[in-house]
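The values are calculated or read from the model by the stated rules, or taken from the named source; none is laboratory data. The structure presented is a predicted model; accordingly, all values stated were derived computationally and were not measured. Positions of Cβ are backbone-derived with ideal geometry, glycine not excepted, and every protein chain shown enters the neighbour counts.
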């Protein structure tokens, strides 16, 4: 079975980042990979199981033109954990001409994991620091999915329905 990095994994990485930063991260536009903190700092959050990654043109254009001090986060997934690396994206902006352009409106590049950092093969001077490794098994993924579905259901409730739910939960011995 091939393991892939999906939005469940990305949500888990974002939750870890929020804890590290002490700030909630909100989506910028329609892209799940492009986020901003409550202070306005920008984050491009990528992930995968192999060494290839891509950033869509619209995200890279916004970062380059308006937010060059944004942060790049890359999560590397294996069967039982996620390794998270991060750093400023500005050094990568100097190498845009060296990144692959496969014709699908993305800047693509390859990464190499080292002991204390992640390097970008097409831009050897660009490295991301190791932030942390977190457990992320199939059980963790299932719990993340359940949490996301529950949050979506609760967000869809009216204020009165939320208050009634809280009363019911308080009255039950759960």
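Tell me yes or no: at least one residue of region 122-133 is without any contact (Cβ under 8 Å) to a residue 12 or more places away in the chain, within 20 Å of the chain's Cα centre (by Cα) and either in a strand (DSSP E or B) or loosely packed, with under 15 Cβ neighbours inside 10 Å (or both).
Scanning region 122-133, I find no residue that is without any contact (Cβ under 8 Å) to a residue 12 or more places away in the chain, within 20 Å of the chain's Cα centre (by Cα) and either in a strand (DSSP E or B) or loosely packed, with under 15 Cβ neighbours inside 10 Å (or both), so the answer is no.
Of the conditions (1) touching a strand residue (DSSP E or B) at 6+ places or on another chain (Cβ under 9 Å); (2) in a loop (DSSP other than H, G, I, E, B), residue 103 fails just one. Which one is it?
Failed condition: (1).
When residues of region 24-47 are filtered for being within 20 Å of residue 84 (Cα to Cα) and crowded, with 17+ Cβ neighbours inside 10 Å, how many remain?
12
Tally time: how many residues in region 157-174 are at pLDDT below 85, assigned to a helix (DSSP H, G or I) and surrounded by fewer than 10 Cβ atoms within 10 Å (Cβ to Cβ)?
Result for region 157-174: 3.
Identify, from the list 8, 2, the residue that is under 29 Å from residue 140 (Cβ atoms), modelled with pLDDT under 90 and outside any loop (DSSP other than H, G, I, E, B).
8
Just give me the residues in region 134-156 being within 15 Å of residue 13 (Cα to Cα) and not in a helix (DSSP H, G or I), in sequence order.
Passing the criteria: 134, 135, 136, 137.
On the given criteria, is residue 84 closer than 17 Å to residue 125 by Cα, touching a strand residue (DSSP E or B) at 6+ places or on another chain (Cβ under 7 Å) and crowded, with 21+ Cβ neighbours inside 10 Å?
For residue 84, the condition - closer than 17 Å to residue 125 by Cα, touching a strand residue (DSSP E or B) at 6+ places or on another chain (Cβ under 7 Å) and crowded, with 21+ Cβ neighbours inside 10 Å - is not met.
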